[in-house]
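S.K.: Below is a structure I'd like to ask you about.
Rule-based calculations on the coordinates, nothing more; no lab input. The shown structure was predicted, so the numbers you read here are calculated from the model rather than taken from an experiment. As a convention, Cβ positions derive from the backbone with ideal geometry for all residues, glycine included, and neighbour counts pool all protein chains shown.
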Amino acid sequence: MKYIVFACLFCVASICAMAQKIDYSVSFPHLEHHEASITLTVSGIPAEPAIFRMSRSSAGRYATHEFGKNIYDISASDKDGHPLPIERIDGDVYRVARHNGFVRVNYTLFGNYADGTYVGLDETNVHINMPGAFMWMKGLDNLPITISFHLPAGKAWTIATQLKPTADPGTFTARNLQYFMDCPTKIGNLSWAKWNISNPDGKNYEFRLALEANTTDSLTQAFAVKVKRIVQQAQAVFGETPAYDYGTYTFLASINPFVKGDGMEHRNSTMISTPRNFNGADNQLGVFAHEFFHCWNVKRIRPKSLEPFNFEKSDMSSELWLAEGFTQYYGQLLMVRSGFETPANWFNNVGSFVNTKENTPGARRFSPAENSRHAVFVDAAVSIDKTNYGNMFTSYYTYGGAVALALDLTLRTQFHLTLDNYMQALWKKHGKPEIPYTIPDLQNALAGLTKDDSFAKDFFARYVYGHESFDYSNVLGPAGLQLQKAQPGVAWIGRAAYTDGKGVTVTSPTTWGTPLYEAGVDVDDVINFVDGMPVSTQAELNRIIAAHHPGDNILLQYTHRDIVHNVSLRLGENPAYKVVPFEETVNVASVTTWIARGATATNGGMLKINKTVIGTTGTTVGSTITYNISVTNTGNLTMTNVMLNDAGATITGTNPIVSLAPGAVANLTATHIITQSDIDAAKELPQAVKDFRASWIGNKIRE
Ligand SMILES: [Zn+2]
């Protein structure tokens, strides 16, 4: 008896070890109704109930998504095709209680939402994000997976995916469930482009653009040349690309009106969907830059909080300000470095980052780490009740971008380092060896790079764990940028949306810290009188406010659910900033820099010439600048007949100067009428600013 038991155990164990296998088979009998037919076959299942489930989150999405809602017609069978009872034990969980180690589950999948998270099945194409489509068996996460796609007959479709190819063009493998879930797959009438990029170690990687769009081959190829440029600029940030699994990186891109706007990063690919007609223009590239930067930052420079990714619930991380925010910063930076976005646009972005940090309630009240943790509720999450996000949440994308900007400019101005150097340090320490990081690791990397522990500790305490204001104006100066109030001296009531009617109805929550908020006004309240005058339109409201100054008190009468409130409201000044480049700040001082070039005097000798502006009629072409020219004899001989010349100027006073004794000073007055070339010369950037900008936003690839 004992012997027999042992023999059986051995027998079961060896069957499990030898035959454990997971296969998916996908076919498309009803694409016109947005359905696919999926078969999951698992063999070598341990002798206990088999639990199958749909995911509740998706690689790179942090909130929960209920993928179990879109599968039906679920059945199970054994190896011989005999039905097995399958019981739904939770919304998205199924159990096969009895089996012989082999279970085949069939189900229908519905999908009509092509983006970076869900599934789009259509007679024109198949667009699959794995967690949204594939049921999986619990406990077998580490088994390799094989998947076969059976394409509809009569269509010349191709398959784009980062799954490992096999000899059969419709069959692919994944080394485990985590990798499988990270492999979005696009099938359709795809337009392909391919190119190679080498790393400094000599290894060569193939890049592929698989484009679903109304395009021509030449348009696709031209667009791919642009994408290649972004790839090279990103490579230049880190010094190398990652070593892509199976030697390839694939851009799966849908640019057509039938998809939903999104972009999702993966280890060796990205799923991009842009709901516009494809035209190959530069402004269709931004999402490519952002998503591609992720193949370093988040896929390999990986927060420990996301590793491994939990597909059964939301995935909370305190590090999205870096994972998403720094990627946001670099996505835009790569666009300007590639020449696809103008410096002027970049400076506008800089202004947006500053306003995000300094003027949004979420950033003024909570740290980037805290805002990151809120992603479990905001990252494409769905809810029907109202939230107060406008007053307590700031996107970790733009907030993180603002931190990236602060750190980049601080490294440049204080340490002769750049954020590129910091990203390289993170890559070497965490990305390349794939050692997931924590926030203390990020602080250590900054301390190591700057060789300044107290700076790193202070920066993280203030701006990562804390939410202190950052002095951007200090660090923007060397880049030739000025931080200015967007609407100085203009009375301001606060940000809110309104509708006109019987009174002015506030239709958005009022914003924390604004006059309207402090006065107690909030969404759905109706403003009836301002300053004693009845108002029924937003335009009237604005007109009354505009007649005041910041600091004035005004009376406001509003009703809240029929209760009348009379309040005194102290008007403020709009706190919004704008970033103004040096080139746009041309003023008297800068226009008159031209006079530093110029004046000379005949007779040579020991003369010192000084010029000082004493008046101007304006700073535009045709305005007159009046200035004083003082001529000092610094030698020890008296000079006579000193003739002063100043190109473009009319000199009044005695010229030539009859006689100038040693140490004597002669003052003459000159006028100059401003020309276009003066203004152009005044806009000429100082060399230090040119150098700063070249290092910051200039091309980083060797042509
Ligand atoms: Zn992202």
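S.K.: Whole percent per 10 Å bin, from 0 to the bin with the longest distance: what is P(r) over all C-alpha pairs of region 11-122?
M.R.: Bins of 10 Å from zero give 13, 40, 33, 13, 1 percent of pairs.
S.K.: If each of I614 and D500 carries a label point 7 Å out from its Cα toward its Cβ, how far apart are those two points in nm?
M.R.: 5.6 nm
S.K.: Just to confirm my numbers, what's the Cα centroid distance between region 383-447 and region 92-157 in Å?
M.R.: 36 Å
S.K.: Right, next: Using a Förster distance of 22 Å, how high is the FRET efficiency between A486 and Y465, based on the Cβ-Cβ distance and rounded to 0.05?
M.R.: 0.15
S.K.: Tell me, rounded to the nearest percent, the portion of alpha carbon pairs in region 190-295 spaced more than 19 Å apart.
M.R.: Percentage above 19 Å: 37.
S.K.: Moving on to the next point. Tell me, what ³J(HN,Hα) does each residue in region 371-376 have, in order and in whole Hz, if you take phi through Karplus 6.51 cos²θ - 1.76 cosθ + 1.60 with θ = phi - 60° and put x for Gly and Pro?
M.R.: Each residue's phi maps through the Karplus curve to give 4, 4, 5, 7, 4, 4 Hz.
S.K.: Right, here's the next one. In Å, what Rg and Dmax follow from the Cα atoms of region 306-480?
M.R.: Answer for region 306-480, Rg first and Dmax second: 16.3, 50 Å.
S.K.: So what is the orientation-averaged projected area of the chain, using the convex hull of its C-alpha atoms, in nm²?
M.R.: Values: hull surface 182.0 nm².
Projected over every direction and averaged, the Cα hull of the chain covers 45.5 nm².
S.K.: Can you work out the PRE-style zone for N189? Point 7 Å along Cα to Cβ, and I want the residues of region 126-162 with backbone N under 18 Å.
M.R.: Under cut-off, by backbone N: 126-127, 151-160.
S.K.: Set the bar at 31 Å for Cα to Cα. Now go through K164/K304; K357/K386; K69/K194; K69/K186; K451/K485; K485/K690 and name every pair that lies beyond it.
M.R.: K69/K194; K451/K485
S.K.: Order of 250-257, 549-556 by packing, highest average Cβ count within 10 Å first?
M.R.: Answer by packing, highest mean first, reads 250-257, 549-556.
S.K.: Then there is this: Using the Cα centre of the chain as origin and beta-carbon charges of +1 (Lys, Arg) and -1 (Asp, Glu), tell me which of N421, T616, A491 is placed farthest towards the positive end of the dipole.
M.R.: Farthest towards the positive end: N421.
S.K.: Kirkwood Rh, region 491-575, all Cα pairs: how many Å?
M.R.: 12.4 Å
S.K.: A further question on this structure: Averaging over all projection directions, find the projected area of the Cα convex hull of region 336-390 and quote it in nm² with one decimal place.
M.R.: 5.5 nm²
S.K.: To the nearest 0.05, what FRET efficiency results for L685 and K155 with a Förster distance of 60 Å applied to their C-beta separation?
M.R.: Result of the calculation: an efficiency of 0.60.
S.K.: Let me ask something else about it. How much length, in nm to one decimal, is gained on full extension between Q178 and I384, taken as 0.36 nm per residue of separation minus their Cα-Cα distance?
M.R.: 71.0 nm
S.K.: Would you pull out the residues with amide H under 5 Å of N655's amide H, same chain only if 5 or more places away, H placed 1.01 Å from N?
M.R.: Close amide H contacts, sequence-distant or interchain: none at all.
S.K.: So what are the ³J(HN,Hα) numbers for region 519-526, from phi and the Karplus equation (6.51, -1.76, 1.60; θ = phi - 60°), rounded to whole Hz, Gly and Pro as x?
M.R.: For region 519-526, the Karplus curve yields 7, x, 7, 8, 4, 6, 6, 10 Hz.
S.K.: Could you work out [θ]222 nm for the chain from helices alone, using -39500 (n - 2.57) per DSSP H run of at least four and dividing by all its residues? Round to the nearest 500 deg cm²/dmol.
M.R.: Computed mean residue ellipticity for the chain: -8000 deg cm²/dmol.
S.K.: Another question, then. Indicate the helices, whole DSSP H runs only, in the chain that combine a mean Kyte-Doolittle hydropathy of -1.0 or more with a Cα extent along their long axis of 24 angstrom or more.
M.R.: For the chain, where a helix must reach 24 Å along its axis and average at least -1.0, the hits are 2-19, 217-238, 396-415.
S.K.: Something else about it: Quick check: convex hull over the Cα atoms of region 395-544, volume per residue in Å³, rounded to an integer?
M.R.: Looking at region 395-544, the number lands at 157 Å³ per residue.
S.K.: Oh, and also: Using the Karplus equation 6.51 cos²θ - 1.76 cosθ + 1.60 (θ = phi - 60°), what ³J(HN,Hα) coupling, rounded to whole Hz, does each residue of region 623-638 give in order, writing x for Gly and Pro?
M.R.: Per residue, the Karplus-derived 3J(HN,Hα) values read 6, 9, 10, 10, 8, 9, 10, 9, 10, 10, 8, 9, x, 10, 10, 6 Hz.
S.K.: How many nm separate the modelled label positions at Q538 and T669, each set 7 Å beyond the Cα in the direction of the Cβ?
M.R.: Once both label points are built, they end up 5.4 nm from each other.
S.K.: On each of the three principal axes of the Cα atoms of region 294-403, give max minus min coordinate, whole Å, ordered largest first.
M.R.: Principal extents (largest minus smallest coordinate, Cα): 43, 33, 23 Å.
S.K.: Going by amide H atoms built from the backbone, whose H comes under 5 Å of the H on D525, apart from near neighbours?
M.R.: Result for D525 returns V506.
S.K.: Related question: Name the long-range amide H neighbours of D141: under 5 Å, sequence gap of 5 or more, or other chain; modelled H, no Pro or chain starts.
M.R.: Excluding prolines and chain starts, which carry no amide H, there are no hits.
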